[in-house]
Structures are given as structure tokens and as C-alpha cells.
């Protein structure tokens, strides 16, 4: 620690001053809307252009009960989880495989830069555009997919593919995987490159093969990054909106209806049930808050662990210096 | 010898998979661009073609003849993205500087708070936000999509991570001795130090803002205020039901600028994504 001269802390007030813009904007645009959303969840606010709120008098939690008992909310929640899980697992496996390949010391894959740029590209493109593009690809009667099916004899005549729930959901899952595995891959690569090369060298000397190295060394060392990716992806997945909205607007038969889309439909298309949408939002808010809390504690712990490691290293360096000084004297 | 053969086999597998994935990344956009140059009749006969045709201009004409107005969408998206990005990087840097350079009592509590709210997405608080904006009659005001960027917790987190090891307090101290005011020191000395972090964060903030559909879709009802993603969503409407060529044209118009910018900045973007990963 630096020695604190008297008067050092006369600058402390600037810490507060410089944090004011953030704090004010946060109160106004984040905290207030959050609290307001929560409040609306307990009121009878509905109808286009309505702003006056009255708290529910018969049963304060009626909106929450209605939403939780609503089959289409339950279905939307299930869809959201199913779609997230079935895109996260292949996305993670693919990203891990590619990251292992790209960082493998023995294979030395050339042209990595180009591959990274191309595999990450879908992530940068507007999701709204991609959703409409894919709904065009699966169009009926003449979309590119139908064209292929007929040309190669898989189907005699064009099929209305997107009438099929499984197909529609699979396409959404594919788009999500396709858009995100590149990003996960790059994250993992940078994590693996952060592992000290000596560990890999000694593993190589000990005769470990690729698979052993991957499972015994690489994986355990990127645990935190895996967890971080898991949580951020889950939170992102719980808010999936653009793709299901513009691909088939939740259809067919609610097969791609997600919770975000449910909330949007409740509040902004036709029924203007702000109170129910707010209650549903709060349910999602609580789930996400719990996930964030887990993330916060894990990340804080890893910070502390890093600090402990640094302290140990410093102590070691200090002891080494003492030792060498002693030797110098002798 | 055996080892080498094994390695060669492995390498072939790796390249085949990577090339395949790269093709999957490109092909949807290639089909889109090619179909944007083909007439609706051509597309109806064979929706897949890898060779461009000559109907680009007529597709464009049909597209612009209807409610699709890419110039307006482009301008609005540009105003929002530039405004939001500028505010986000400036004020996030300032907040991060307050964290790194000064010792104040609530510093750690404030940072913990930032980390806690970092993950909470704007979507779950949209009902309250919409009601608030509606009450003050600002629903079609682009400012409501720009000013919230002043509080960007994730960016503050990154800026702090960058600034902590980079900023030397000696420079700040000597500037103080020369009589510089604290705010001046931030603008003249600290901001230039943060340039690399600002560049990375600016790219991601810009892209996120440009691609955002949810908030504009909720707030903007006036056609003149539509952003690019909302313009894109119009292409799904009934008026374009049979105009396949022009729908692909419209999609291409929204994607092309992004692809060009991406290819130009890809080095920084990839590095930025990698940086994001080590934060854990």
C-alpha cells in the first residue's frame, strides 16, 4: 500500500461526483422502470393508453396467479427452456471441439484467423434479418429448402414445412446455435490460451494424448469461463425474442412461443394487458436475479482466489530475495 | 512415422469440418444476395441458385415503391447507435475512472451493485419503462433509446478491468501538481489512455444498439422514426407476400453494410470477443 499523505483523500469526493451521471441514469431508466413494472404487476392496468393504476383489492396477487396458471405462459416457459437447452448443448460441444483443435500444439491449424472471422460472422448480423431470411428459406410452396427437397427427390411436391411444430422449433434452435457457437468458441480459445503453456508441455512429456490432455488439463482450467458462458447464455436464452418473433411469430400452434414473446403479446399486441405482462416480467426477473446472484458469487470468489495467488507469489518472491541476499552475504 | 500419419489424418478431419462450418456461415447470405438479383418468377421456378441474375434494379424499384424505406431506417438507426455508443463509452469510462482513481467510502459497494445489476436485461423491465415513457409523451422520441446508455453496467465493468492495471497514478499526480483540474485530467489524460478499450467497447455497443429490435418495437409507432430492424420486420408483411425478389433485396440492404464493416474491423471484433471471455 502507498503511504497516505495527509490530505490524500481530499480527492475522494470526485469518486462520488464522477459516478453521478451513471447513478442518475440508472435510477431513471433502470431502477424506476423495474420498480414500476413490479408495482403494475399488482394493479388492474390494462387497455391502450391507460396510465392510471389501481391496486387490486380482491386479491393482490391475482395477476401472478393468473399468469402462472396460464397454459400459454407455462408452454412458453417450457419452450424457452427446451429451445435454450437444445441450442446450448450442441453449441457448447462444437465450441469446445473447435477450441481444442485451434489451440492444439501438435496440429497447428493454419488459417485460424479466417475460420474465426467466418464462424463468428452470423453473430454480428441483425437477428431480425436472419429470422426473416430463414422463414423465406423454408417458405411454401417455393422456398430454397423445398426446392432442394423436390430436386433431389426427398419429396414429390413442396411441403408446408413450417406447419410442422418440430420443424419450426428445430429451425429456431439451429439459428440460435449457428449464431452463437462462434462467439463461445472464441471465448473458450482465449481462455485456453490463458492456461500456462508449461502445464501442457509437462503433460506432453508425460506422454498424455490429445484426449487425456483435453479432459485432464484444458477442461478443468476453463471451468470459470464455462460457467460464465452457461449463465450468460441462459439469461440470453430466457430473453429470446427477435428470432421467434420474426420467424413464425411464436407459431405454429405456439411451438416457438417464448416467455419474452408472451410478455410482448400480452402487453403490446391487441389485448394491452399491462398488468399480466408485468407479472410475467417479474417472474422472469426473479429467475434472472437468482442466476445473476450465483454468477456474482462465483466471479467474486474467483477474483479472491486470484488475489490469494498473487499474494502467495509475492511472498515467494520476497523469500527468494531474502534467500539470495543471505547467500550474497555468506 | 505412425505419429505423422495420425497427425495428417487428424488435420484433414479438422480442415474438412472447419471448411464445412465456414460454408454454412456464408451460404445463407450468399443465397440471399443472389436471390436479391433474381426475378420473382426465377425464384419461383428454382429458389436455389448460386449465380446472380439481372433483376437487381427492378427488385429495388418494387421494394422502394412500398412502405419500406431503408434510408429513413438507416438514418434513425445511425442516430440512435452513434448517440448511445458515444454516451455509453464516455460515461462508462468516467464511472470506471471513479472506481480506479479515487478512494471513497461507497466505492466497493457501488461496484458490487454494478456487478449485480449487470446481467439484468432491459426486457424484463420494459412494461414499466414503456408506461413511464408514455406518461411523459416521449414514445416516438429517439432520445429515449439513447440516454439510457449512460448507465451501461457491463461496460463499466470492462472499462474498470482495463483501467485498473493500465492507469498509473503518478501521471495523475504530476498533472495535479501542474494545476490540472480533476475533470480535465480525465478528459485529457485518462481518455487517451483508454483508447483501445474504448474502440472495442464502442464496436460492440454500436452493433448491439443497431441490431436491437425489442425496445424500438415497443416505443416507436411513427413510421418516420422506425429503425432498421423494424423496417426489416415490415418485409414479413402481406404487401410483400409474392415479391420474393424484393424481400431478398430488402434483407440484403440491411445486411450488406454490417458485413462490410465486420470484414473491415474483424480483427478488432474477434479480439474483443476474446477479451470478453477472460473477464470471468
3 or more residues at pLDDT below 90 and within 14 Å of chain A (Cβ to nearest Cβ): qualifying helices (runs of 4 or more DSSP H) within the stretch B:1-90
B:2-36, B:40-45
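Residue-by-condition table, conditions (1) over 16 Å from residue A:260 (Cβ atoms); (2) out of contact with any helix residue (DSSP H, G or I) (no Cβ under 6 Å at 6 or more places or on another chain):
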| residue | (1), (2) |
| --- | --- |
| A:17 | yes, yes |
| A:21 | yes, no |
| A:28 | yes, yes |
| A:39 | yes, yes |
| A:65 | yes, yes |
| A:80 | no, no |
Looking at the stretch A:112-120, can you tell me whether even one residue there is over 24 Å from the mean Cα position of the chain (by Cα), surrounded by 14 or more Cβ atoms within 10 Å (Cβ to Cβ) and modelled with pLDDT under 90?
yes
Among (1) loosely packed, with under 13 Cβ neighbours inside 10 Å; (2) over 30 Å from residue A:50 (Cβ atoms); (3) over 22 Å from the mean Cα position of the chain (by Cα), there is one condition residue B:195 misses while meeting the rest; what is its number?
(3)
Does residue A:72 qualify as being within 12 Å of chain B (Cβ to nearest Cβ) and closer than 28 Å to residue B:219 by Cα?
no
Residues that are more than 20 Å from the chain's Cα centre (by Cα): list the helices (runs of 4 or more DSSP H) wholly contained in the stretch B:116-173 that include at least 1 such residues.
B:126-135, B:153-166
Residue B:99 under 25 Å from residue B:182 (Cβ atoms) and within 10 Å of chain A (Cβ to nearest Cβ)
yes
Can you tell me which residue within the stretch A:39-58, out of those that are out of contact with any strand residue (DSSP E or B) (no Cβ under 6 Å at 6 or more places or on another chain) and outside any loop (DSSP other than H, G, I, E, B), is farthest from the other protein chains (Cβ to nearest Cβ)?
A:39
Return the only residue of A:186, A:217 being part of a helix (DSSP H, G or I) and farther than 27 Å from residue A:83 by Cα.
A:217
Within the bounds of the stretch B:127-137, is there any residue that is more than 7 Å from chain A (Cβ to nearest Cβ) and at positive phi?
yes
Any chance the stretch B:146-160 includes a residue that's at pLDDT 95 or above, in contact with a helix residue (DSSP H, G or I) (Cβ under 6 Å, 6 or more places away or on another chain) and more than 10 Å from chain A (Cβ to nearest Cβ)?
yes
Going through the stretch A:8-38 one residue at a time, which ones are facing another protein chain (nearest Cβ under 7 Å), surrounded by 16 or more Cβ atoms within 10 Å (Cβ to Cβ) and within 27 Å of the chain's Cα centre (by Cα)?
A:22, A:25, A:26, A:29, A:30, A:33, A:34, A:36, A:37
Kindly indicate whether any position in the stretch A:84-91 is within 30 Å of residue A:273 (Cβ to Cβ), in contact with a helix residue (DSSP H, G or I) (Cβ under 9 Å, 6 or more places away or on another chain) and surrounded by fewer than 17 Cβ atoms within 10 Å (Cβ to Cβ).
yes
Only helices (runs of 4 or more DSSP H) wholly contained in the stretch B:203-280 count here; list those with 2 or more residues that are out of contact with any helix residue (DSSP H, G or I) (no Cβ under 7 Å at 6 or more places or on another chain).
B:244-277
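The values are calculated or read from the model by the stated rules, or taken from the named source; none is laboratory data. Predicted, not measured: the structure shown is a model, and the values here were computed from it. Neighbour counts are summed over all protein chains in view; Cβ atoms, including those assigned to glycine, are modelled from backbone coordinates with ideal geometry.
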